[in-house]
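The values are calculated or read from the model by the stated rules, or taken from the named source; none is laboratory data. In this text the structure is predicted, and so the values were computed from the model without any measurement. Here the Cβ is made from the backbone with ideal geometry for all residues, glycine too, and neighbour counts use every protein chain on show.
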Amino acid sequence: MPRVLIAAIGAAMLLLFLGPRFIAWLRQNEVGQFVRPQGEIPEGHMEKQGTPTMGGILILLAATLPFLILATRSTAAMIVLFTTLACGAIGFVDDFMKVFKKRSLGLSGRWKMAALVLITAALVLVAVQVVGVPTTLKLHVINEEIELGWPLFSIMVFLVLAGATNGVNLTDGLDGLAAGTTAIAMMTYTAMTFVTGGQRDLAIFGAALVGACVGFLWFNSYPASVFMGDTGSYALGGALAAMAVMTKTEVLLIFIGGVFVIEALSVMIQVVVFKRTRRRVFLMTPIHHHFEMAGWSETKIIVRFWLIAAIFGAIGFTLYFRALPA
C-alpha cells in the first residue's frame with residue numbers, strides 16, 4: 001500500500017515541479033495547438049489557438065520515473081508501460097507533424113493503424129507467451145469465459161487498443177476532460193489490481209498514472225495553459241487498453257471507460273445517420289461539443305462528465321469484485 005500511494009504522490013509532485021519549466025519551453029519554441037477551422041468546432045475554441053501542446057510528454061515522464069523506481073518491474077507491468085509509451089510515440093509523431101506543418105492534420109490514419117497492429121502483436125505475444133494471460137473473453141456480468149484462441153484474441157486486443165486510444169483522443173476536446181476521466185478510470189484499475197493481490201506492480205503503475213493526470217490537471221484545468229495533445233491521449237488510451245488485457249477486463253472496459261465509449265459512439269452515430277438521412281442527431285460531435293452548442297458552460301460539461309466517469313468506474317469495479325473467487 002505505501003508504494004502505491006508514494007507512486008501517485010511522487011508522480012503528481014514531479015509533474016507540478018516540471019510543469020512550469022516545460023510549458024515555458026513550449027511557449028518559447030512556439031509548440032502551440034492548431035485549432036480546426038471555424039465551423040468545425042464551437043466558436044469559443046478559436047481563442048485556444050496557440051496554447052502549448054504535447055503536454056502528454058509531461059504525463060509520461062511523471063508517471064514512468066516513480067513506477068520504475070518503486071516497482072519490481074514485473075513482465076506484466078513492463079508490457080503495460082511499453083504499450084503506453086509506444087502509443088504515446090504514435091501521438092508524438094502526430095503532434096510533431098501538426099506543429100511542423102501548422103495544420104490540424106497530422107499522421108494519416110493508415111499509419112496509425114499499422115503502428116497499433118505492431119503494438120498489438122507485441123502486447124499479445126508477451127501477455128500470452130510470457131505472462132500466461134489466457135486467450136479468453138471474460139464476461140464478468142455472468143461470470144463466464146469464452147475461449148477465443150490466438151487469432152480472435154489478437155483481433156479483440158487490437159479492437160480494444162484502437163478503441164481506447166481513439167476514444168480518449170476524441171474526449172480530449174475540453175480543458176481537463178480527458179485527463180480527469182482517465183484519472184478516474186485508471187483509479188478504478190488501481191483499486192482492482194490492488195485488491196486482487198499479486199498485481200502490485202500494475203497497481204503502482206496505475207497509481208503513478210493517476211498522480212500524473214491529477215498533477216497535469218493543475219495546468220490543464222479551464223482555462224488550460226497546456227494541452228496533452230495526441231501524445232497524451234494516445235498514451236492514456238494505450239495504458240487503459242493494456243491494463244484491460246492484463247487484468248482480463250476487456251469487456252469491463254466498456255464500463256470503466258464509459259465516457260470514452262459514449263464520445264466515440266456519438267461520432268459513429270452522427271456519421272451513419274447523416275450519410276443515410278442527411279440529418280444530424282447531435283448539434284456537433286464528439287458529444288461534449290453538442291452540450292457546448294446547447295449552451296452548457298465548459299466547466300459544467302467537464303464536471304458532469306467526471307461524475308459520469310466515476311459512476312461508470314464504480315459499476316466496473318463492482319462487477320469485477322463480484323466475479324472474484326470467494
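Yes or no, residue by residue, for (1) touching a strand residue (DSSP E or B) at 6+ places or on another chain (Cβ under 8 Å); (2) at pLDDT 95 or above; (3) over 29 Å from G10 (Cβ atoms); (4) among the hydroxyl-bearing types (S, T, Y):
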| site | (1), (2), (3), (4) |
| --- | --- |
| T84 | no, yes, no, yes |
| A89 | no, yes, no, no |
| R103 | no, no, yes, no |
| I119 | no, yes, no, no |
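Residue by residue through the range 269-321, note down the ones that are in contact with a helix residue (DSSP H, G or I) (Cβ under 6 Å, 6 or more places away or on another chain) and among the small types (G, A, S).
Matches in the range 269-321: A309, A310, G313, G316.
Taking G237 and the conditions (1) more than 20 Å from A162 (Cα to Cα); (2) in a helix (DSSP H, G or I), which numbered condition does it fall short on, given that it satisfies the others?
(1)
What residue, among those in the range 274-326 that are over 21 Å from L253 (Cα atoms) and basic (K, R), is modelled with the highest pLDDT?
K300
In this structure, does K98 turn out to be touching a residue at least 60 places away in the same chain (Cβ under 8 Å) and assigned to a strand (DSSP E or B)? Working first, answer last.
Details: touching a residue at least 60 places away in the same chain (Cβ under 8 Å): yes; assigned to a strand (DSSP E or B): no.
Considered against the rule, which asks whether it is touching a residue at least 60 places away in the same chain (Cβ under 8 Å) and assigned to a strand (DSSP E or B), K98 comes out as no.
Against the conditions (1) at pLDDT below 85; (2) more than 19 Å from D175 (Cα to Cα); (3) buried (at least 17 other Cβ atoms within 10 Å of the Cβ); (4) of a type outside the set (G, A, S), where does I41 fall short? Just the number, please.
Looking at each condition in turn, I41 falls short on (2).
From the set of residues in the range 51-87 that are over 24 Å from N29 (Cβ atoms) and small (G, A, S), which is surrounded by the fewest Cβ atoms within 10 Å (Cβ to Cβ)?
Only one residue fits best here, namely S74.
Would you pick out the residues in the range 195-248 that are modelled with pLDDT under 95 and small (G, A, S)?
Residues satisfying the conditions are G197, G198, S221, A224, S225, G229.
For every residue, the table says whether it meets (1) in contact with a Phe, Trp or Tyr (Cβ under 8 Å, 6 or more places away or on another chain); (2) of a type in the set (K, R); (3) without any contact (Cβ under 8 Å) to a residue 12 or more places away in the chain.
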residue: V80; (1), (2), (3): yes, no, no
residue: L85; (1), (2), (3): no, no, no
residue: M113; (1), (2), (3): no, no, no
residue: V131; (1), (2), (3): no, no, no
residue: E144; (1), (2), (3): no, no, yes
residue: F153; (1), (2), (3): no, no, no
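Any chance you could count how many residues in the range 225-283 are on the phi > 0 side of the Ramachandran plot and free of Cβ contacts under 8 Å to residues at least 60 places away in the same chain?
Within the range 225-283, the subset on the phi > 0 side of the Ramachandran plot is 229, 248, 278.
Restricting the remaining residues to those that are free of Cβ contacts under 8 Å to residues at least 60 places away in the same chain gives 278.
Residues that pass the stated criteria total 1.
Which one is farthest from A208 (Cα to Cα), of the residues in the range 250-284 that are of a type in the set (V, I, T) and surrounded by 24 or more Cβ atoms within 10 Å (Cβ to Cβ)?
Restricting attention to the range 250-284, the residues satisfying the condition of being of a type in the set (V, I, T) are 251, 254, 256, 259, 261-262, 267, 269, 271-273, 277, 281.
Imposing the further condition that a residue be surrounded by 24 or more Cβ atoms within 10 Å (Cβ to Cβ) reduces the set to 256, 259.
Numbers: I256: 18, V259: 22 Å.
Within the range 250-284, the match that is farthest from A208 (Cα to Cα) is V259.
Taking V80 as the residue in question, decide whether it is in a helix (DSSP H, G or I) and either within 25 Å of F317 (Cα to Cα) or aromatic (F, W, Y) (or both). Can you show your working first?
Values: in a helix (DSSP H, G or I): yes; either within 25 Å of F317 (Cα to Cα) or aromatic (F, W, Y) (or both): yes.
Yes.
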